[in-house]
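Take a look at the structure set out below.
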Amino acid sequence: MSGFLNRGVDIRVTPKRAGLAGIAVVAAGLAFGWSGLFNISASTKHWPVTDWFLHWVMINSVETWSIGVEVPDNLDDRALIARGAGHYATGCASCHGAPGRPRSPLTDVMSPPPPDLDAKVPTWETAQLFTIVKHGVKFSGMPAWVSFDEREDEVWSVVAFLKKLPGMTPDEYKALAMGAETDGAVGGLVAIAHGPQGRGPREDVLADCARCHGRDGLGRDGDAFPVIAGQSEDYLFDALSAYAVGKRHSGIMQPAAARLPYSELAALAEHYANQPAARPKDAPTPDPALVAAGEKIARDGVRATGTPACQSCHGPSASARNPAYPSLNGQHASYLETQLHLWEKEHDSRGGGPFREIMRKVAFRMTPEEIRAVAAYYASLPPGK
C-alpha cells in the first residue's frame, strides 16, 4: 500500500469518483437488461439470492402495511368460514391445493411456486393474512381481491377460512366448501341439460352455484349465504348481470358470474325464481322490540331524515311491486344489514342493477340502529313475494 502511495496513486474515494462509479453501475445494469441475456422465462427458477431478496422484501412489506388493520372478533363464526371456503374452492384451491384436493400441475412450473398454505398460514398473523388476501403480491401469481376497496367483509371471510385450514381433514373441507354437492359436479366435469324440456342452467353451472346457494336457493350454514329462492326472475338476472360487468361489487360473485354467458345467467335466474320460498333453516327469532321499530320504519319511513317507507318498493303490500326490486321477506337479517351498510357508505361499496341509485339515496339517510331494526323486521316476515 505504501508503494502505491509513494508512486503518487491516490485511492481515496471522493464524491466525484463515487458518482462516476454509480453511473457506471447503472449503465452496466441497463446494458445487461437491453442485451436480453437475463432469462425471464418461468422454466428457469430465480437465482437463490433473488428468491431470498424478493421474499424478504415481501415479508417486510406485509408486516408494515398490516399495521393498523383491525381484526374483527367474529372470525370463528361458522357462516363466515363457510363463505370463505366456498370462494376458496374455485378461486384459490387450483393453485394452493386443499385438503384431499391436489394442486394443479401448473403450479410446479410457476416461478415462484404458490406456497403450501397448510404450512405457511401459521407463520402469518391474522392482520397480515388480511393484507395479503386483500392486496395480493407483486411478482407472483397472487392477485389482489376484486373490489378490494368495497368488500373487505368478503376478504375477512377468506381469512376466517384460512385460519381454520391448517390440519383440516378432507371431510371437513368438503362440508365447508362443497355443501351437499359432490366434487364431480364442480369445475365443468358434467354438462347435461337440467330442467323441463331441456331449459334451465347446465348441470355443471347449477352445481357450482349450488355449492353455496343450494339447488333450492335456501343457502346453507346458517346465514352464510342469502336466500335467493322465489326472488323474481328480473331481479336475479339484473343482479347476476351487474356482478358480471362489475357494476355490483363482490370478489366472490363477480368472478363466478363473469365467466358465464348471459344465456346461462338467464337460466340460473329462471331456475332460482321457480324455487319455492321458505324460511332459512335454524333462523334465529328476532328481538320483538327491534321488529316493532323496524316495522314502523318500513311502513311509515323516517320523516326527520326523509327516509321513505320500505314497503312501497319491497312489500309486503297489496299493490304490485316492480319485479326488478327484491323481496326482503324472510331474508337473513345479517345479510340485509350488510347490504344496507354497503349502500350507505359514501363511495357506494355495493353497486347493483339499474335501480341502484334509488337505494343508495335511501340507505345513505339511515342510522345503524334504523338499519338493524328494518333488517330484523323483514327477517321476521314469512317468506314470499
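Shown in residue order for the range 142-153 are the 3J(HN,Hα) couplings computed by the Karplus curve 6.51 cos²θ - 1.76 cosθ + 1.60 at θ = phi - 60°: 8, x, 6, 5, 4, 6, 5, 7, 9, 10, 5, 4 Hz (x for Gly and Pro).
By the rule of a C-alpha distance below 20 Å, with chain neighbours fewer than 8 residues away ignored, the lysines paired with K45 are K138. Only protein atoms count toward the accessible area here, which uses a 1.4 Å probe; on the chain, the carbon and sulfur part of that area reaches 61 percent.
Residue separation of E369 and W52 scaled by 0.36 nm, minus their Cα-Cα distance, works out to 109.0 nm of gained length. Between the helical axis of 203-213 and the longest alpha-carbon principal axis of the chain there is an angle of about 80 degrees.
Taking the Cβ of A304 as the centre, find all other residues whose Cβ is under 14 Å away and add up their charges (Lys, Arg: +1; Asp, Glu: -1). Please list the in-between numbers first.
Numbers: positive: K296, R303, R365; negative: D300, E369, E370.
Its environment carries a net charge of 0.
Cross-link reach is defined here as a Cα-Cα straight distance under 29 Å, omitting same-chain residues fewer than 8 places apart; for K174 the lysines meeting it are K120, K134, K163, K164, K281.
Compared with the dominant principal axis of the Cα atoms in the chain, helix 15-35 is inclined by about 60°.
For Y377, Y235, what's the largest-to-smallest order of accessible area, 1.4 Å probe?
Working: Y377 15, Y235 35 Å².
Ranked list, largest accessible area first: Y235, Y377.
Within the set of other residues whose C-beta is less than 13 Å from the C-beta of D282, count the net charge using Lys and Arg as +1 and Asp and Glu as -1. Value of the local net charge: +2.
Springs join every pair of Cα atoms under 10 Å in this Gaussian network model of the chain, and among V205, V374, V69 the largest mean-square fluctuation is at V69. Here's the list of lysines a cross-link from K247 could span, going by alpha-carbon distance under 19 Å and ignoring same-chain residues fewer than 8 apart: K345, K361. Close amide H partners of R248, meaning residues 5 or more places away or on another chain with modelled amide H under 5 Å apart, are Y243, G352.
Averaging the Cα positions of each part gives two centres, and for the range 307-385 and the range 224-279 these lie 17 Å apart. Can you compute the FRET efficiency between D282 and S111 using 1/(1 + (r/R0)^6), with r the Cβ-Cβ distance and R0 = 41 Å? Round to the nearest 0.05. Here the calculated transfer efficiency is 0.30.
So which trypsin sites (Lys or Arg not before Pro) in the range 101-143 end up in coil per DSSP with only 15 or fewer other C-beta atoms within 10 Å? If you can, show how the numbers build up before the last one.
Working: sites: R103, K120, K134, K138; in loops: R103, K138.
When the trypsin sites (Lys or Arg not before Pro) of the range 101-143 are filtered for loop state and at most 15 Cβ neighbours within 10 Å, K138 remain.
Near A333, within a Cβ-to-Cβ distance under 9 Å, what is the net charge of the other residues, with Lys and Arg +1 and Asp and Glu -1? If you can, show how the numbers build up before the last one.
Working: positive: R372; negative: D223, E337.
After counting each charged neighbour, the total is -1.
Rounded to the nearest 20 debye, the dipole magnitude of the chain is 980 debye, with +1 charges on Lys and Arg beta carbons, -1 on Asp and Glu beta carbons, and the Cα centre as origin.
Could you state the accessible area per residue of the chain in Å², with a 1.4 Å probe and every protein chain left in place? Don't jump to the answer; show the numbers that get you there.
Working: 21200 Å² over 385 residues.
Result: 55 Å² of accessible area for each residue.
Residue by residue, the range 225-235 carries 3J(HN,Hα) couplings of 9, x, 7, 10, 5, x, 5, 5, 4, 4, 5 Hz when phi is fed to the Karplus relation 6.51 cos²θ - 1.76 cosθ + 1.60 (θ = phi - 60°); x denotes Gly or Pro.
Accessible-area rank, largest first, for W56, W124, W65: W65, W56, W124, with all protein chains present and a 1.4 angstrom probe. For F38, the solvent-accessible surface with a 1.4 Å probe is about 90 Å², rounded to the nearest 10. Highest GNM mean-square fluctuation among S312, S35, S111, for the chain modelled with Cα contacts below 10 Å: S35.
GNM on the chain, alpha-carbon springs under 10 angstrom: the most fluctuating residue among T305, T14, T126 is T14. On full extension, the segment bounded by L37 and S140 gains 34.9 nm, given 0.36 nm per residue less the C-alpha separation. With angles folded into 0 to 90 degrees, how steeply does helix 368-380 sit against the dominant principal axis of the chain? Use alpha carbons for both and round to 10. That works out to roughly 50 degrees.
The values are calculated or read from the model by the stated rules, or taken from the named source; none is laboratory data. Remember, predicted model here, so these are calculated numbers, not experimental data. All Cβ positions, even for glycine, are placed from backbone atoms using ideal geometry, and neighbour counts span all protein chains on display. All accessible areas refer to the heavy atoms of the entire protein, side chains included, with ligands and DNA or RNA removed. Shrake-Rupley method; radii C 1.70, N 1.55, O 1.52, S 1.80 Å.
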